[in-house]
Amino acid sequence: MALKPVVTLVGRPNVGKSTLFNRLTRSRSALVADFSGLTRDRHYGEGRVGDIPFIVVDTGGFEPVAKTGILHHMAKQTEQAIAESDVVVFLVDARAGLNAHDREIANLLRKLAQTVIVCVNKAEGMSHTSAVAEFFDLGLGQPHAISASHGDGVALLVEAALASFREPASESTEPLGDDENFEPADESEHRIKLAIVGRPNVGKSTLINTFVGENRVIAFDMPGTTRDAIEIEFERDGRLYTLIDTAGLRRRGKVFEAVEKFSVIKTLQAIEACNVVLLMVDAQQEISDQDAHIAGFVVESGRALVVAINKWDNISREQRERIEREYERKLRFLSFAKLHHISALRGQGVNAVLRSVKSAHAAAFSKLSTPKLTRTLEDAVAQQQPPRRGIFRPKMRYAHQGGQNPPLIIIHGNALDSVSDPYKRYLESKFRDVFELAGTPLRIQFKSSFNPYVDG
């Protein structure tokens, strides 16, 4: 199968690149707002316009002359995306007109070997001739007038961009997945979706770059650098991963900007959509209530969890002892999760983190046999019977698995509504030890037998 062509969207800030990205991917995965410089990292998606499959890349506002600060890092991300692309779509603003910033970008793009197409966005309500007239001065060929928000002219733009990639009709185009003998693969063999979460500036983007071995996302010493949930695919030791870099989560009272509120929503969605969550904590700061809130949301979502305390190499022995005491006191409910002390910048301990991620994923998708579950239940009851509730003592008969990610164990019996929370935690501990379910929450559900003569 031929490689999909890569189409990269570039342009100065706020010309509509993310809006066009969402239009091309038929999604809302890129944050869009009337706010300059919203997108910072490069964002990949599957193009779904026309009959040729392609990959589209959204980039931040391009500032090629920036030499320092966050704008310089954004420009580096854009340059890397351009280098990886087959076609560059240069977006300009029909309503703002041609300016010096557009000319600087055009001068850079003229030196490229890739195909460059000028796209004149926000041309709704304007005649085609008047919208594109002044942009011929860029010297990059015929401009294409579109409206990314309304979809006008987008299909023609894609057709022009991918004209050289159209394959002969004689090649087989049979759809995949229609084989009658097809059987779904075991979930444990699928790509692991790993969401990296934590407070701002704890080192999430730095760890991602260490994993993939390149500056894939912007890691900058400024809280709130990452705004969107960026998905990155990579392979390690024959296992496929999708890393999700998320925006840092602050206390609700400190979230004022509408953009940041959307970033928080994207982070929470990423937690619910992933298989495993890596919670990062900054060793140079105290473990706050916000860390506990983030961890609590992960546990409530039922996601497998690994905890990493970052920047461990930059603190003293006394500070290490203090942070470990705080962890034990504030995050005691994460006792099921593996804890690692790492340095994302230096790469210390990151391989052990990935091993724990793999084992947590395997535990989350474990298949628990009914006979072994029932035997474990019987042994636990024989060792410690459930306490009486009035004149009744709960009687547990058998157990079976009711779901995965997280593992759900359903216990059947009589008078199970009166099982206390401490005894439930006791059972969870027994099942976790026997089945080696480290790294994943465990759910237990009780179902009491129905007596049809009770009300008769």
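Tabulated data
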{"read-out": "Relative packing of 438-447, 390-399, 343-352, 6-15, which averages over residues the other C-beta atoms within 10 Å, highest first", "value": "6-15, 438-447, 343-352, 390-399"}
{"read-out": "Fully extended contour minus Cα-Cα distance, from GLU324 to GLU104, at 0.36 nm per residue", "value": "74.0 nm"}
{"read-out": "Normalised convex hull volume, the stretch 307-447, alpha-carbon set, Å³ per residue", "value": "116 Å³"}
{"read-out": "Rg ratio (alpha-carbon, reference 2.2 N^0.38 Å) - the stretch 370-448", "value": "1.03"}
{"read-out": "Separation of the ASN314 and GLU300 label points, Cα + 7 Å toward Cβ, nm", "value": "3.2 nm"}
{"read-out": "Spin-label model distance (nm) - GLN383 vs ALA133, 7 Å beyond Cα toward Cβ", "value": "8.4 nm"}
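No lab work stands behind these numbers, since they all come straight from the coordinates. From a predicted model like this one, the values you see are computed outputs, not experimental measurements. In this analysis, Cβ positions are derived from the backbone assuming ideal geometry, glycine residues included, and neighbour counts consider all displayed protein chains.
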